[in-house]
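Below is one structure, written out as structure tokens; the observations come after it.
The values are calculated or read from the model by the stated rules, or taken from the named source; none is laboratory data. In this text the structure is predicted, and so the values were computed from the model without any measurement. Neighbour counts run over all protein chains shown; Cβ positions are idealised from the backbone, glycine included. Remember, those area values only see protein heavy atoms, side chains included, never the ligands or the DNA or RNA. Shrake-Rupley method; radii C 1.70, N 1.55, O 1.52, S 1.80 Å.
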Amino acid sequence: MISTLPRALAAAFLAALFAAGIGFAQDKPDRPPWAQKPKPASNASSTDATGPAPGIVPTPTQPISLSEDPDTQRGKIKVKVDLVSILASVLDDHNRPAPDLPVEAFQVYEEGKLQKIEVFESETQLPLDLALMIDASLSANKEIGFEKEAAAHFIHQVLRPGDRLSVFSFDENVTQLAAFSDNVPTLQAAVRKIPPGAGTSIYDAVLLGAKSLERRGEERRRVIVLVTDAGETTSTADFEAARKEAVRSDALLYTIVIRPVKNESGRNTAGEHALTTITETTGGDMFFPDTPQELDVIFDLIDRELRTQYRLAYYPTPRGPANAYRKVEVRVLNGDYHVRSRKSYLTGVQ
């Protein structure tokens, strides 16, 4: 009779060896994800705050988390989407928002060719990411206190559930005073504490504000509200760099120009003309209040427009070449309407 003990010992030895082999394989970094040991979950809580874009100086008392490590992106699947989305503001002959228009009332053209509208939303509910940028050189204006209070009121008025807003000041630098959040008291406090500065870096403000918005989520509306005297003096970026980044980010630019001198012969208007071009390209709007007291009304108009925008999206036919500007136009049929939407977009890498 042959003893079964050696067989049992051999089986146990092989089982132990097999288990050890599996454990070793799981510890090897070159194994696929399904063959790796599960890592213990981190106790770190998530935050909606994002780090400043390159060139933005965060306030020392406002810690801002860093963006996601690029290495963590390597295992993610990225799907290229060619859908072009356009936000359109439609105004009637009294310059009031025109709601409840059907999709049949709209036509979208790219490079002069009619496109098929695939997505249509009346009064889109896409949440907002809004960069509120205040020119710190306005501290020379005796009404700066009123301007800050008008901006603080706007913050309280514009934010809805799911929206996020960040406060920036700019002079010779662009400083993020409060990260993107929906904390109204914190955001209002940041506006009220904007320090005085020297110089006006308008192009840097537009470029870096757009970059900050571009780093946010995809399915969101991106808006820059810029309050400035438009006296460009100290930017590192130039006009074309600012315009290109504004177009690339798909941000709407609303510009409020506070003019300390009303007569054009008494001020530098180059900044105003540049901002008008960038603003019109993005589909936003320009405002030239005669007094700071008009700011409340202007902020109300911006808020109302953001709540009555149409969203139209299409797959471009034919598709444009990579990294090229494509002209787009939105038309409304059968009515005395004025449509404001972005004039172009920048194609991605193909």
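When residue 247 is evaluated against the numbered criteria (1) under 23 Å from residue 347 (Cα atoms); (2) open to solvent by 60 Å² or more (accessible area, probe 1.4 Å); (3) among the β-branched types (Val, Ile, Thr), which criterion, by number, is the only one it fails?
So residue 247 meets the others, but not (2).
Of the numbered conditions (1) out of contact with any Ser or Thr (no Cβ under 7 Å at 6 or more places or on another chain); (2) basic (Lys, Arg); (3) at pLDDT 95 or above, residue 164 satisfies every one except a single condition; which is it?
The failed condition is (1).
Collect the residues in segment 279-315 that are free of Cβ contacts under 8 Å to residues at least 40 places away in the same chain and of a type in the set (A, V, I, L, M, F, W, C), keeping them in residue-number order.
Correct list: 286, 287, 288, 297, 301.
Across segment 78-110, what is the total count of residues that are farther than 20 Å from residue 338 by Cα and in a loop (DSSP other than H, G, I, E, B)?
Number of matching residues: 6.
Regarding segment 333-345, can at least one residue be identified that is within 28 Å of residue 105 (Cα to Cα), free of Cβ contacts under 8 Å to residues at least 60 places away in the same chain and open to solvent by less than 30 Å² (accessible area, probe 1.4 Å)?
No, segment 333-345 contains no residue that is within 28 Å of residue 105 (Cα to Cα), free of Cβ contacts under 8 Å to residues at least 60 places away in the same chain and open to solvent by less than 30 Å² (accessible area, probe 1.4 Å).
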